[in-house]
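Colleague: Here it is, the structure, as C-alpha coordinates.
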Amino acid sequence: MMTVERLQEPQALRLAMGELNASELRIAQAAVRFAHFHLTRAVTQLLAHKVVGSSGDRTTLLSREEAGAQHRARLLGNETWLTESQVDELLSRTRRRRSGEQLRIGRKLAGVPIGDVYLYPIVQFDMAAGDVLSVMEELLAVIPPDTGEWATINWLFEGRRSLDGKCPADFLSSAPTLSVKAAREDFMPSEADW
(Lines give C-alpha, C1' and ligand atoms only; values in the text may rest on other atoms or scores of the structure.)
Protein backbone atom coordinates (compact mmCIF):
# COMPACT_ATOMS: atom_id res chain seq x y z
CA MET A 1 0.00 0.00 0.00
CA MET A 2 1.24 3.47 -0.89
CA THR A 3 2.03 5.83 1.96
CA VAL A 4 1.37 9.54 1.79
CA GLU A 5 4.28 11.67 2.94
CA ARG A 6 3.89 14.93 4.83
CA LEU A 7 6.72 16.95 6.29
CA GLN A 8 5.57 18.20 9.69
CA GLU A 9 7.15 19.15 13.01
CA PRO A 10 7.23 15.52 14.24
CA GLN A 11 9.02 14.61 11.01
CA ALA A 12 11.49 17.45 11.56
CA LEU A 13 12.25 15.87 14.94
CA ARG A 14 12.54 12.45 13.32
CA LEU A 15 14.87 14.01 10.71
CA ALA A 16 17.09 15.34 13.51
CA MET A 17 17.18 11.86 14.99
CA GLY A 18 17.81 10.20 11.61
CA GLU A 19 14.49 8.30 11.56
CA LEU A 20 12.89 9.55 8.29
CA ASN A 21 12.16 7.07 5.53
CA ALA A 22 13.69 7.65 2.09
CA SER A 23 10.68 9.48 0.65
CA GLU A 24 10.36 11.81 3.66
CA LEU A 25 14.08 12.52 3.48
CA ARG A 26 13.88 13.40 -0.27
CA ILE A 27 11.02 15.83 0.41
CA ALA A 28 12.88 17.43 3.34
CA GLN A 29 16.08 17.73 1.31
CA ALA A 30 14.19 19.28 -1.62
CA ALA A 31 12.52 21.84 0.68
CA VAL A 32 15.89 22.83 2.13
CA ARG A 33 17.49 23.11 -1.35
CA PHE A 34 14.56 25.24 -2.50
CA ALA A 35 14.79 27.68 0.43
CA HIS A 36 18.59 27.84 0.12
CA PHE A 37 18.42 28.53 -3.63
CA HIS A 38 16.03 31.46 -3.26
CA LEU A 39 17.87 33.03 -0.35
CA THR A 40 21.21 32.64 -2.16
CA ARG A 41 19.75 34.22 -5.30
CA ALA A 42 18.47 37.22 -3.31
CA VAL A 43 21.82 37.73 -1.59
CA THR A 44 23.67 37.39 -4.91
CA GLN A 45 21.45 40.04 -6.48
CA LEU A 46 22.13 42.37 -3.58
CA LEU A 47 25.88 41.83 -3.70
CA ALA A 48 26.01 42.28 -7.46
CA HIS A 49 24.04 45.55 -7.13
CA LYS A 50 21.52 44.36 -9.72
CA VAL A 51 18.80 46.12 -7.77
CA VAL A 52 18.47 49.78 -8.72
CA GLY A 53 17.51 52.25 -6.03
CA SER A 54 18.21 53.01 -2.43
CA SER A 55 19.34 50.54 0.18
CA GLY A 56 15.70 50.40 1.30
CA ASP A 57 14.81 48.86 -2.08
CA ARG A 58 17.52 46.24 -1.62
CA THR A 59 16.15 45.30 1.79
CA THR A 60 12.67 45.03 0.26
CA LEU A 61 13.96 42.63 -2.42
CA LEU A 62 15.62 40.42 0.16
CA SER A 63 12.51 40.50 2.30
CA ARG A 64 10.32 39.48 -0.67
CA GLU A 65 12.67 36.65 -1.62
CA GLU A 66 12.86 35.53 1.98
CA ALA A 67 9.10 35.80 2.42
CA GLY A 68 8.49 33.81 -0.76
CA ALA A 69 10.83 31.03 0.34
CA GLN A 70 9.24 30.96 3.79
CA HIS A 71 5.72 30.85 2.30
CA ARG A 72 6.67 27.95 0.03
CA ALA A 73 8.32 26.12 2.91
CA ARG A 74 5.14 26.59 4.99
CA LEU A 75 3.05 25.21 2.13
CA LEU A 76 5.33 22.20 1.89
CA GLY A 77 5.04 21.61 5.62
CA ASN A 78 1.34 22.32 6.07
CA GLU A 79 -0.07 20.35 3.14
CA THR A 80 0.17 16.70 2.19
CA TRP A 81 2.13 16.06 -1.00
CA LEU A 82 2.79 13.12 -3.29
CA THR A 83 6.01 12.68 -5.22
CA GLU A 84 5.77 12.01 -8.95
CA SER A 85 6.54 8.32 -8.39
CA GLN A 86 3.74 8.12 -5.79
CA VAL A 87 1.36 9.77 -8.26
CA ASP A 88 2.37 7.27 -10.94
CA GLU A 89 1.81 4.41 -8.49
CA LEU A 90 -1.63 5.79 -7.58
CA LEU A 91 -2.61 6.26 -11.23
CA SER A 92 -1.43 2.76 -12.13
CA ARG A 93 -4.45 1.41 -10.23
CA THR A 94 -6.69 2.59 -13.06
CA ARG A 95 -6.57 1.08 -16.51
CA ARG A 96 -5.63 4.39 -18.12
CA ARG A 97 -1.98 4.73 -19.06
CA ARG A 98 -1.03 8.17 -17.79
CA SER A 99 1.76 9.55 -15.69
CA GLY A 100 1.80 12.46 -13.30
CA GLU A 101 4.14 14.27 -15.67
CA GLN A 102 1.78 13.79 -18.64
CA LEU A 103 -1.17 15.08 -16.63
CA ARG A 104 0.81 18.06 -15.33
CA ILE A 105 2.02 19.02 -18.80
CA GLY A 106 -1.54 18.51 -20.14
CA ARG A 107 -2.85 20.90 -17.41
CA LYS A 108 -4.97 18.25 -15.72
CA LEU A 109 -2.87 18.16 -12.53
CA ALA A 110 -1.04 20.85 -10.54
CA GLY A 111 2.47 20.22 -9.29
CA VAL A 112 5.58 22.14 -8.31
CA PRO A 113 9.27 21.46 -8.76
CA ILE A 114 11.53 21.21 -5.76
CA GLY A 115 15.00 20.65 -7.13
CA ASP A 116 14.73 17.60 -9.36
CA VAL A 117 11.53 16.33 -7.70
CA TYR A 118 7.94 17.27 -8.57
CA LEU A 119 5.44 17.36 -5.72
CA TYR A 120 1.65 17.26 -6.08
CA PRO A 121 -0.87 18.34 -3.42
CA ILE A 122 -2.93 15.33 -2.39
CA VAL A 123 -6.18 17.35 -2.32
CA GLN A 124 -6.49 17.01 -6.09
CA PHE A 125 -6.72 13.21 -5.97
CA ASP A 126 -9.50 10.74 -5.32
CA MET A 127 -7.34 8.29 -3.40
CA ALA A 128 -10.01 5.57 -3.28
CA ALA A 129 -10.49 5.64 -7.06
CA GLY A 130 -6.77 6.07 -7.75
CA ASP A 131 -7.34 9.06 -10.00
CA VAL A 132 -7.19 12.82 -10.27
CA LEU A 133 -10.40 14.66 -9.33
CA SER A 134 -12.25 15.55 -12.52
CA VAL A 135 -12.58 19.19 -11.38
CA MET A 136 -8.83 19.71 -11.80
CA GLU A 137 -8.99 19.77 -15.59
CA GLU A 138 -11.80 22.34 -15.54
CA LEU A 139 -10.09 24.40 -12.85
CA LEU A 140 -6.70 24.45 -14.58
CA ALA A 141 -8.40 25.37 -17.89
CA VAL A 142 -9.61 28.59 -16.24
CA ILE A 143 -6.17 29.51 -14.85
CA PRO A 144 -4.11 31.10 -17.67
CA PRO A 145 -1.46 28.73 -19.06
CA ASP A 146 1.29 31.29 -18.47
CA THR A 147 0.61 31.23 -14.72
CA GLY A 148 3.62 29.69 -13.00
CA GLU A 149 3.37 26.37 -11.21
CA TRP A 150 4.02 27.90 -7.79
CA ALA A 151 1.57 30.73 -8.51
CA THR A 152 -1.10 28.13 -9.31
CA ILE A 153 -0.40 26.24 -6.07
CA ASN A 154 -0.36 29.49 -4.09
CA TRP A 155 -3.75 30.41 -5.54
CA LEU A 156 -5.13 26.97 -4.73
CA PHE A 157 -4.16 27.28 -1.04
CA GLU A 158 -4.81 30.99 -0.51
CA GLY A 159 -7.94 32.07 1.33
CA ARG A 160 -10.51 33.86 -0.83
CA ARG A 161 -13.06 36.38 0.31
CA SER A 162 -15.62 34.76 -2.02
CA LEU A 163 -15.11 31.48 -0.13
CA ASP A 164 -15.50 33.05 3.33
CA GLY A 165 -11.75 33.03 3.87
CA LYS A 166 -11.30 29.39 2.90
CA CYS A 167 -9.10 28.33 0.01
CA PRO A 168 -10.21 26.71 -3.28
CA ALA A 169 -8.40 23.51 -2.29
CA ASP A 170 -10.84 23.12 0.60
CA PHE A 171 -13.69 22.58 -1.86
CA LEU A 172 -12.13 20.37 -4.54
CA SER A 173 -13.86 17.23 -3.24
CA SER A 174 -16.88 18.55 -1.38
CA ALA A 175 -18.05 21.43 -3.62
CA PRO A 176 -15.86 21.58 -6.73
CA THR A 177 -18.06 24.15 -8.47
CA LEU A 178 -17.11 26.67 -5.76
CA SER A 179 -13.42 26.22 -6.61
CA VAL A 180 -14.09 26.71 -10.32
CA LYS A 181 -16.29 29.74 -9.59
CA ALA A 182 -13.48 31.28 -7.50
CA ALA A 183 -11.03 30.68 -10.36
CA ARG A 184 -13.38 32.35 -12.83
CA GLU A 185 -13.78 35.35 -10.52
CA ASP A 186 -10.01 35.69 -10.12
CA PHE A 187 -8.83 34.85 -13.63
CA MET A 188 -11.80 35.74 -15.84
CA PRO A 189 -13.33 38.88 -14.28
CA SER A 190 -16.55 40.15 -15.82
CA GLU A 191 -16.73 43.51 -17.56
CA ALA A 192 -18.59 44.84 -14.52
CA ASP A 193 -15.43 44.22 -12.47
CA TRP A 194 -13.43 46.58 -14.71
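Colleague: Residues being closer than 13 Å to residue 113 by Cα and not hydroxyl-bearing (Ser, Thr, Tyr): count how many of those fall in the range 76-99. Walk me through how you get there before you give the answer.
Modeller: Quick first cut of the range 76-99, residues closer than 13 Å to residue 113 by Cα only: 76, 81-84.
Those still in the list that are not hydroxyl-bearing (Ser, Thr, Tyr) too: 76, 81-82, 84.
Total meeting the criteria: 4.
Colleague: When you check residue 86 against the structure, is it buried (at least 16 other Cβ atoms within 10 Å of the Cβ), polar (S, T, N, Q) and assigned by TED's automatic domain parsing to the domain that holds residue 157, yes or no?
Modeller: Working: buried (at least 16 other Cβ atoms within 10 Å of the Cβ): yes; polar (S, T, N, Q): yes; assigned by TED's automatic domain parsing to the domain that holds residue 157: yes.
Spelling it out, residue 86 is indeed buried (at least 16 other Cβ atoms within 10 Å of the Cβ), polar (S, T, N, Q) and assigned by TED's automatic domain parsing to the domain that holds residue 157.
Colleague: Output the residue which, of all residues in the range 128-183 that are polar (S, T, N, Q) and under 21 Å from residue 84 (Cβ atoms), is surrounded by the fewest Cβ atoms within 10 Å (Cβ to Cβ).
Modeller: Within the range 128-183, the first condition is being polar (S, T, N, Q), and the residues that meet it are 134, 147, 152, 154, 162, 173-174, 177, 179.
Remaining after also requiring under 21 Å from residue 84 (Cβ atoms): 134, 147, 152, 154.
Values: 134: 11, 147: 13, 152: 19, 154: 17.
Here the answer is 134.
Colleague: Can you work out which of the residues in the range 93-114 that are surrounded by 14 or more Cβ atoms within 10 Å (Cβ to Cβ) and modelled with pLDDT under 90 is farthest from residue 142 (Cα to Cα)?
Modeller: That would be 114.
Colleague: Of all residues in the range 140-178, which are in a helix (DSSP H, G or I), out of contact with any Lys or Arg (no Cβ under 9 Å at 6 or more places or on another chain) and of a type in the set (Ser, Thr, Tyr)?
Modeller: 152, 177
The values are calculated or read from the model by the stated rules, or taken from the named source; none is laboratory data. Quantities reported herein were computed from a predicted structural model and do not represent experimental measurements. Every residue, glycine as well, gets a Cβ built from its backbone with ideal geometry; the counts of neighbours run over all protein chains shown.
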